[in-house]
Amino acid sequence: MVSSSAAGSRQQVFVLVGGTGDLAMRMLWPSLAMLDQDGFLSDNLRIISVAREDCGTEVCVDRIGNAVTKRVGESLEPGTLARFRKRIVHVALDAAKDDWGAKLKAELGDVDGLDVVFFLSVSPSLFKPICEHIERAGLNKAPNRVIIEKPIGRDLASSKVINDSVAHAFDESRTFRIDHYLGKETVQNLIALRFGNVVFEPLWNSQTIDHVQITIAETVGVGERLGYYDEYGAIRDMLQNHLLQLVCLLAMEPPSALSSDALRDEKVKVLRSLKPITVDNVKDHTARGQYGPGFADGHPVAGYEVEKGSPSNTETFVAIKAEIANWRWAGTPFYLRTGKCLPSRSTEIVIQFKPLPHSIFGSEAKANRLHIRLQPDEDISLTVMNKAPGLTAEGTHLQSLDLSLSLIKAFEGNGEKAPRRRIAYERLILDALQGNNAQFVRRDEVEAAWMWVDGIIDSWTKTSMKPQQYPAGTFGPVSGYRLIERDEGRTWND
Ligand code: NAD
């Protein structure tokens, strides 16, 4: 956590490097505009857009206005855009040029009285030159801080190079690594659910939980990101970060406090407890797939290799049976899967409880299940057995009942105006502005995750395990089903 006294009295400046890019336009500008509308930005906060394009402030701000309207137009109140636009200045700077820092400094003015938050929404290959420019210009001094986006490397070694280059300018407490899943309301609610209730925590272990499933399914293919994606694949693009962060929040021990280090200390222990997947079990514990011809999202898909125009060994689907070697989780696998061109766009977690030790209702009693949906809707439901109303010849007849724990639904149910579903980046940008890094990923987490993932990729290479083709629009290759169904009584919650 950055000292609030250091940042408190200073004028804040948010420097969005890559301000004309896709991520900025779709997510970051709309998030900032909504924070402004809701009164979370201090009156004197300035925003500097930095990019290679020399489009000038007026054109840049028009594009930002259009992007904000496209993303959150329905929620915009009169006056928001006009006020927001006034905060923004666009500066054309090429990170490859040496005068980057000096020009930015000139734009910033008297830097001693400032609290500057840099968001590097650019390729990680630019983190090093940009951090060097920032350092040379003396813009890296506390309380200034930096936010960086994935991918943080494509393996442990390259992640260290990136982290070292950032660490040269900003110490760990002022380096904010975004995993936007951590900004999602339902993901934050996992902490509330687990540690704000007494009813779940005593059951939250391998005595009671049979297994956990986490699925991040996308209907889209790789599209224009093919160049990047072919170097990464599903395991590096989605599993190393988003999926493993969800595993951490589900599996960690209760932290001693809600402070950033207490939380992240517990998360990193989970990552370090993941059982290595080796050449001996990689074929049973993982599945790799690549989409072939088919239909996804209502459109015909030619297939990954046709889109690429050459053969590829990159997986667009990965499923993993992960095991956590500690007292709480021994014997309870976490089945993880993610992929592109799947039949639905959804992110969900299923906590499957064990069956009753003895059922007095015959086979009618089904095991409890906690279902946490993050996408497309955010919702948490608990399936419990309940007596069906009425008289039946057989006696008590059970039915399963979904208890919705969704915060948003609860508000709607009370007749109150439901809170707006926020963009995940809103929470994270606000936290970074306030210097709170609890929902950002610490360096040791990134490295522990890569260490485990590197072992899997290495085992794929050593066993020549190639991705199996699956028709676009299906839930991955047969091996993805086999991975879970090999374990008796378990199947994906499709
Ligand atoms: P983009 O190519 O659309 O935009 C890149 C931005 O960087 C542009 O504003 C461009 O002007 C600027 N830029 C490029 N070279 C520069 C240079 N030499 N000097 C100064 N500015 C330069 O990229 P994007 O899709 O917005 O992605 C940005 C980063 O976020 C990447 O690291 C990407 O991997 C990551 N990311 C993107 C998404 C997404 O949905 N787009 C999602 C997660 C992570």
Placing +1 on the Cβ of each Lys and Arg and -1 on the Cβ of each Asp and Glu in the chain, which of Thr219, Met27, Leu271 has its Cα farthest towards the positive end of the resulting dipole? Leu271
Between Val279 and residues 5 or more places away or on another chain, which pairs have amide H atoms under 5 Å apart, with H built 1.01 Å from N, and which residues are they? none
Scoring only Lys, Arg, Asp and Glu (+1, +1, -1, -1) among other residues with Cβ under 15 Å from the Cβ of Leu81 yields +1
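Using 1/(1 + (r/R0)^6) with R0 = 22 angstrom and r between the beta carbons of Ser363 and Thr392, what's the FRET efficiency to the nearest 0.05?
Details: r = 15 Å, r/R0 = 0.70.
The value I calculate is 0.90.
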Amide hydrogen neighbours beyond the local backbone of Val301, cut-off 5 Å, H modeled: Gly294, Phe295, Ala296
Pairs of lysines in the range 277-363 (C-alpha under 23 Å apart; 8 or more residues apart or interchain): 5
Along the range 328-345, what does the Karplus equation 6.51 cos²θ - 1.76 cosθ + 1.60 (θ = phi - 60°) give for ³J(HN,Hα), rounded to whole Hz, x for Gly and Pro? 5, 10, 4, x, 10, x, 10, 8, 10, 8, 8, x, 10, 6, 9, x, 9, 9
If every alpha-carbon in the chain counts as one equal scatterer, what log10 I(q)/I(0) does Debye give at q = 0.07, 0.08, 0.13 1/Å? -0.41, -0.54, -1.36
Based on DSSP H runs of at least 4 residues, each adding -39500 (n - 2.57), what is the mean residue ellipticity at 222 nm of the chain after dividing by all its residues, to the nearest 500 deg cm²/dmol? -10000 deg cm²/dmol
List residues of the range 210-226, by number, whose backbone nitrogen lies under 19 Å from a label position 7 Å along Cα→C-beta of Val306. 219-226
Starting from the 7 Å offset along Cα-to-Cβ, what nm value, one decimal, do you get for the label separation of Ser9 and Gln434? 2.2
Distant-in-sequence amide H partners of Val116 (H built 1.01 Å from N, under 5 Å): Val13, Asn144, Arg145
Using DSSP, restrict attention to beta bridges with both residues in the chain and report what percent are antiparallel, rounded to the nearest 5. 55
Please list, in order along the range 287-298, the HN-Hα scalar couplings obtained from phi with the Karplus expression 6.51 cos²θ - 1.76 cosθ + 1.60 (θ = phi - 60°), rounded to whole Hz, x for Gly and Pro. 9, 10, x, 9, 6, x, x, x, 10, 9, 6, x
Residue-by-residue Karplus 3J(HN,Hα) for the range 48-65, coefficients 6.51, -1.76, 1.60, Hz, glycine and proline x: 10, 8, 10, 7, 6, 5, 9, 8, x, 4, 4, 5, 4, 5, 4, 5, 5, x
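Size of the dipole of the range 147-242 about the Cα centre, Lys and Arg at +1 and Asp and Glu at -1 on the beta carbon, nothing else charged, in debye to 20?
Numbers: 9 positive and 14 negative charges, 28 e Å.
In total the dipole reaches around 140 debye.
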Using 1/(1 + (r/R0)^6) with R0 = 45 angstrom and r between the beta carbons of Asp94 and Thr463, what's the FRET efficiency to the nearest 0.05? 0.50
Under 17 Å Cα to Cα from Lys105, which lysines show up? Leave out anything in the same chain fewer than 8 places away. Lys97, Lys141
Between Ala325 and Arg490, what is the label-to-label distance in nm when each label sits 7 Å out along the Cα-to-Cβ direction? 1.8
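Read-outs: derived from the displayed coordinates by stated rules, not from any lab. Note that the structure is a prediction, hence the values are computed from the model and not measured. All Cβ positions, even for glycine, are placed from backbone atoms using ideal geometry, and neighbour counts span all protein chains on display.
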